[in-house]
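*Asks:* The structure that follows is given in the form of structure tokens.
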Amino acid sequence: MSTPPVKVLSITGWCRNGSTILGNILNEIPGVFHVGELHFLWKNAAGRGVNEQCGCGHKLVDCPVWSTILPVGRPSGATLEAHADTVIRNQLGSARTRHTWQVLARGLHNAQLREHAGLLSQVYQAVAERSGARVIVDSSKMPGEAALLPHLEGVTPYYLHLVRDPRAVAQSWSKPKDYVYAMSAGKSTGYWSGFNLASHAINRRYPRQSLFLRYEDFIADPEGTVDTVLRLCEIDTAANPMIDRTIDLHSNHTVTGNPDRFRTGATLIRPTDDSWRTGLPESAQRTTTALSWPLMLRYGYSIRNGRV
Ligand SMILES: [Zn+2]
């Protein structure tokens, strides 16, 4: 008997867009499992990334979930490090953001993509089996890999393109966090534009399985947003775990993400977050707007004062 396909909700967009907390809210729903940023599993587990810790607090190689998933798809005799090298080579060689359009147009058109898609398919199915979940939330935000999902055996993909005001994103990147380095406003906004253009292309290619969402609309109405995401994935909204803007968070098994992912207990989603207006220097605000205003207008952000 064949097993039913695993639903994978891929959150796309650029970092600091609220994907970690949204994923962790969804993780509280029975049958839903937030893997965090799966893209970094092999790199981080092999000690080549900036952070080797799972959301549960263990190192990825010692985590009760990931220690059993890491050998999946690894050729017999290959070390974790050698396998990580292959995965990273495939990711960088054929599944970067700039490759998104080629993957959308031509599918698995080379051996690297076929190998990587085969691995992802096995890993998503192994996670579903190990966790008992039918829906996996992947907040990797890597459009080049997200575009592979419709080509994975045993996977039904859904896409959530999550966008946040690039000035708030630039402010967030201006300060280093626990294991996350800092980035200039110009660099952050360059990535913001590229990742969002590629994410938009995926939603256009697969409109029936895709949703566009602004972070600002999510925090204005978190319960309603979760309902909308559940409807996208064809999950009963009665499963929505939020009450009065509050979510009771338990430990999770996220592969990297915002350092807030380690937070557990009752967590309030605050309705506004516009500290960039005073916290981001005016010169950086001007740089950000100059680089991104066409997309800002498309997404409904005022180039004068942030929100429309
Ligand atoms: Zn874990």
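*Asks:* Can you tell me which residue is surrounded by the fewest Cβ atoms within 10 Å (Cβ to Cβ) among those in segment 105-137 that are basic (Lys, Arg) and over 19 Å from the mean Cα position of the chain (by Cα)?
*Replies:* Arg106
*Asks:* Spot the failing condition for Val127; the list is (1) within 16 Å of the ligand (Cβ to nearest atom); (2) assigned to a loop (DSSP other than H, G, I, E, B); (3) of a type in the set (A, V, I, L, M), and only one is missed.
*Replies:* (2)
*Asks:* Any idea which residue in segment 246-284 is nearest to the ligand (Cβ to nearest atom), counting only those that are of a type in the set (D, E, K, R) and at pLDDT below 95? Show your work before the answer.
*Replies:* Pass one, segment 246-284, residues of a type in the set (D, E, K, R): 248, 260-261, 263, 270, 273-274, 277, 282.
Pick out the ones that are also at pLDDT below 95 and you get 260-261, 263, 270, 273-274, 277, 282.
Working: Asp260: 16, Arg261: 11, Arg263: 15, Arg270: 27, Asp273: 28, Asp274: 34, Arg277: 37, Glu282: 42 Å.
So the residue we want is Arg261.
*Asks:* Those residues that are over 20 Å from Ala95 (Cα atoms) and more than 11 Å from the ligand (Cβ to nearest atom), I need them from segment 47-56; list them, please. Steps first, please.
*Replies:* Filtering segment 47-56 for residues over 20 Å from Ala95 (Cα atoms) gives 47, 50-56.
Within segment 47-56, Gly47, Val50, Asn51, Glu52 qualify.
*Asks:* Next up: Of all the residues that make up segment 67-84, how many are in a helix (DSSP H, G or I) and in contact (Cβ under 8 Å) with a residue 12 or more places away in the chain?
*Replies:* Here the count works out to 6.
*Asks:* Gly93 versus (1) surrounded by fewer than 16 Cβ atoms within 10 Å (Cβ to Cβ); (2) touching a residue at least 24 places away in the same chain (Cβ under 8 Å); (3) part of a helix (DSSP H, G or I): which is the lone unmet condition?
*Replies:* Only one criterion in (1) surrounded by fewer than 16 Cβ atoms within 10 Å (Cβ to Cβ); (2) touching a residue at least 24 places away in the same chain (Cβ under 8 Å); (3) part of a helix (DSSP H, G or I) is unmet by Gly93, namely (2).
*Asks:* Within segment 280-295, identify whether any single residue is closer than 30 Å to Leu60 by Cα, within 24 Å of the chain's Cα centre (by Cα) and in a helix (DSSP H, G or I), and answer yes or no.
*Replies:* No: segment 280-295 contains no residue that is closer than 30 Å to Leu60 by Cα, within 24 Å of the chain's Cα centre (by Cα) and in a helix (DSSP H, G or I).
*Asks:* Which count do you get for residues in segment 57-83 that are hydroxyl-bearing (Ser, Thr, Tyr) and either surrounded by 15 or more Cβ atoms within 10 Å (Cβ to Cβ) or near the ligand (Cβ under 9 Å from one of its atoms) (or both)?
*Replies:* 1
*Asks:* Residue by residue through segment 40-66, note down the ones that are under 13 Å from Ala84 (Cα atoms) and not in a loop (DSSP other than H, G, I, E, B).
*Replies:* Of everything in segment 40-66, those that are under 13 Å from Ala84 (Cα atoms) and not in a loop (DSSP other than H, G, I, E, B) turn out to be Phe40, Leu41, Trp42, Lys43, Asn44, Ala45.
*Asks:* So Ala133 ticks every box in (1) more than 16 Å from Val65 (Cβ to Cβ); (2) part of a loop (DSSP other than H, G, I, E, B) but one. Which box is left unticked?
*Replies:* So the condition that Ala133 fails would be (1).
*Asks:* Write out, first by first residue and then by second, each pair whose Cβ atoms fall under 8 Å of each other, whose residues are 6+ apart or on separate chains, and whose first residue, in segment 222-244, is outside any helix (DSSP H, G or I) while the second is modelled with pLDDT under 95.
*Replies:* Met242/Ile269
*Asks:* Taking only pairs six or more apart or across chains, which ones have beta-carbon atoms under 7 Å, a first residue in segment 1-24 that is surrounded by fewer than 22 Cβ atoms within 10 Å (Cβ to Cβ), and a second residue that is among the hydrophobic types (A, V, I, L, M, F, W, C)?
*Replies:* Pro5/Val155
The values are calculated or read from the model by the stated rules, or taken from the named source; none is laboratory data. Here the structure is a predicted model, which means the values were calculated and not measured. Cβ coordinates were reconstructed from backbone atoms using ideal geometry, including for glycine residues, and neighbour counts include every protein chain displayed.
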